[in-house]
Each structure stands twice: as structure tokens, then as C-alpha cells.
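Peer 1: Structure in C-alpha cells, see below.
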Amino acid sequence: MFQISPLPSRQFSHLFGKTDDELAAIGVTVMTADSKPGFPCRVSLRDAEPGERVLLLNHEHQAADTPYRSAHAIFVIDGAEDAAPLEGEVPEVMQRRTLSVRAFTADHMMTDADLVDGKDAARLFERLLADPKVAYLQAHYAKRGCYAARIERA
């Protein structure tokens with residue numbers, strides 16, 4: 001069994017409610033969702049509704065000092081509340097997209113990776129986590145390469 005972990009809202013709460021100019025000064029772009037799907041929030045693990053204010057920012061999702069250290073753009077809904085996916089549940093926001101799933105060891109080295117239709121992601125998560133060398137997975141939205149969530153054994 002697996003558990004998907006969203007990014008915690010506390011990492012972004014200092015950005016919530018700031019003006020567009022205040023956010024632009026620190027490299028955050030403010031957008032308004034104009035379609036659904038299209039703006040997947042990494043905190044609430046849902047697509048923003050049209051008209052919702054979203055923050056587009058750079059996030060370091062792989063901070064370990066290895067060749068796989070990485071950061072990329074993510075969306076966070078302004079004021080997003082923490083998602084709490086159930087054990088073994090793949091949120092709809094991930095099910096409706098192609099995912100790139102990467103398996104990492106405890107020392108943050110990639111051991112495997114695969115692409116999967118989000119509807120079939122649970123089987124891939126289970127297969128990759130069956131390898132005892134794998135400590136965790138990272139899912140990315142394959143089309144744009146953005147970090148989606150972390151997956152660990154439940």
C-alpha cells in the first residue's frame with residue numbers, strides 16, 4: 001500500500017493574500033485559473049476552479065545534494081488547504097494526467113522511472129515500492145515536467 005503526500009500549506013502560507021506586486025518582487029507569478037483542468041495545486045491536490053487565484057512559483061522538490069537535485073515551477077492555490085488523501089488513493093488531479101514516476105533510494109539516488117496514465121498509477125506505485133531499495137517515489141506531470149507529489153509506503 002502507498003500514501004501520497006501533498007506539499008504542506010505552511011510552506012506557502014507566507015505568500016497567501018499578498019499583492020501581485022509583492023509576489024512579483026520575490027519571483028512569484030499570480031495567475032487566475034481560466035480552465036479546468038489546467039492549474040493543479042500541489043497543496044490541495046485538486047485543479048483550481050476557473051476564477052481562482054493561483055500562485056506560480058519555483059519549488060525545490062529534490063533538495064538532496066545529489067546529481068538529482070531539482071526544482072521546477074508549481075501551482076499553489078492562494079490560501080490552499082492541505083489535502084489528506086486516503087491510503088492507496090490517487091487524487092483525481094493526478095488521475096487525469098500522464099505521470100512520470102521516479103523511484104529513489106534513501107540516499108536520494110534514482111533507481112527506476114516510468115511513465116503511466118494517471119488512472120493506472122496505483123499499480124505502478126505498488127510495483128516500484130515493492131523494490132526494497134526504493135525509499136520513496138516522486139510523481140511529476142509528464143507533459144510539463146512539474147512536480148506533483150511524493151509517494152511512500154503506507
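All of the numbers you see were taken from the coordinates with simple rules; none came from a lab. Because the structure is a prediction, the values reported are computed rather than measured. Don't worry about glycine lacking a Cβ; one is built from the backbone with ideal geometry, like all the others, and counts go over all protein chains shown.
Peer 1: Would you calculate a helix-derived [θ] at 222 nm for the chain, using -39,500 (n - 2.57) for each DSSP H run of n ≥ 4 and dividing by the full residue count, to the nearest 500? Don't skip to the end; give the middle numbers.
Peer 2: Details: 3 runs with 18 residues, N = 154.
Only helices count here, giving -2500 deg cm²/dmol.
Peer 1: Once you place label points 7 Å from the Cα toward the Cβ at R153 and A25, how far apart are they in nm?
Peer 2: The two pseudo-label positions are separated by 4.8 nm.
Peer 1: From the C-alpha gyration tensor of segment 64-126, pull out the three semi-axes of the equivalent ellipsoid (sqrt of 5λ each), sorted largest to smallest, in whole Å. Intermediate results must be reported in sequence, preceding the final value.
Peer 2: On the way: eigenvalues 97, 67, 29 Å².
Result for segment 64-126: semi-axes of 22, 18, 12 Å.
Peer 1: Output needed: percent of Cα pairs per 5 Å distance bin for segment 92-154, bins running from 0 to the one holding the longest distance.
Peer 2: Result, from short to long distances: 4, 20, 34, 24, 13, 4, 0 percent.
Peer 1: Then there is this: As a test of the definition: which semi-axes, in Å, follow for the chain when you take the square root of five times each eigenvalue of its alpha carbon gyration tensor? Largest first, please. Mind dumping the intermediate values first?
Peer 2: On the way: eigenvalues 145, 60, 33 Å².
So the equivalent ellipsoid measures 27, 17, 13 Å along its semi-axes.
Peer 1: Cα-Cα over 27 Å: which of K36/K143; K36/K133; K36/K119?
Peer 2: On the way: K36/K143 16 Å; K36/K133 38 Å; K36/K119 18 Å.
K36/K133, as the Cα separations exceed 27 Å there.
Peer 1: If you stretched the chain out fully between S35 and M1, how much longer would it get, using 0.36 nm times the residue separation minus the C-alpha to C-alpha distance? Walk me through the numbers on the way to the answer.
Peer 2: On the way: separation 34, 0.36 × 34 = 12.24 nm, distance 3.31 nm.
Contour length minus Cα-Cα distance gives 8.9 nm.
Peer 1: What's log10 of I(q)/I(0) for segment 20-78 at q = 0.30 Å⁻¹, Debye sum over Cα points only, no solvent?
Peer 2: Reported log10 I(q)/I(0), two decimals: -1.15.
Peer 1: Could I ask something else about it? For segment 1-140, what is the charge dipole size about the Cα centre, in debye to the nearest 20, if Lys and Arg each add +1 at the Cβ and Asp and Glu each add -1 at the Cβ?
Peer 2: On the way: 14 positive and 22 negative charges, 43 e Å.
Computed charge dipole of segment 1-140: roughly 200 debye.
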